[in-house]
Amino acid sequence: MQQTQNNLQPYAEVMRYMNNAEETLQKTRKEDGYYLDGKYVGTACGIAYKGALKALDTWLEMNGKSISAKRDKTKKHRSITQYRAEVAKLDGRMLDRLNTVYNVLHLDGYYDEVRKADVIRAGFESAYEIIARIKPNVPEAELQTYVAEYQKKKASLWRKLFN
């Protein structure tokens, strides 16, 4: 049960990211299978990608691996190559999901603002497949209550900081 309780907070945090990404994506309309505003698509994809990486960090930690927090002097962030190397050692299907999330959400969605709804949805689905691997083994009602309380606590903190 201790392992389950330890995963509640990271899962709730990741779900907060995904909820924010979904809300951002809903700010633009769809027409003929395309989102109309690339700005919202790019922002939503960036948030979802970050959430997927946070879930991946937790999953790697659960499996006794981690991405080094020490960063290369020439780079400001951890490399996708580092993630791919660690994930490939553990699970080929998870690597496929990571590649989809990276290519669709990060490159196509965030950088290129690809607006085709089916493409973006595929990226979100792969992110949710990664997140499902860190979902704690607790009753769904308890989990949803925890996630809702966590989101309220975070929202309250943000309001205090910026109001």
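The values are calculated or read from the model by the stated rules, or taken from the named source; none is laboratory data. What you see is a predicted model; the values in this text were computed from it and never measured. Glycine gets a Cβ as well: all are built from the backbone with ideal geometry, and neighbour counts include every protein chain shown.
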_Number of the condition not met by Phe124 [criteria: (1) within 17 Å of Gly51 (Cα to Cα); (2) at pLDDT below 80]_ = (2)
*Residues of region 107-123 being closer than 15 Å to Gly38 by Cβ and either part of a loop (DSSP other than H, G, I, E, B) or not aliphatic (A, V, I, L, M) (or both), which ones?*
Asp108, Gly109, Tyr110, Tyr111, Asp112, Glu113, Val114, Arg115, Lys116, Gly123
*For region 140-155, does any single residue satisfy the condition of being in a loop (DSSP other than H, G, I, E, B) and at pLDDT below 80?*
no
*Among the numbered conditions (1) surrounded by fewer than 17 Cβ atoms within 10 Å (Cβ to Cβ); (2) in contact with a Phe, Trp or Tyr (Cβ under 6 Å, 6 or more places away or on another chain); (3) under 19 Å from Gln26 (Cα atoms), tell me where Asp118 comes up short.*
(2)
*Specify the residue that is farthest from the chain's Cα centre (by Cα); the eligible residues are those in region 128-139 that are buried (at least 18 other Cβ atoms within 10 Å of the Cβ) and assigned to a loop (DSSP other than H, G, I, E, B).*
Pro136
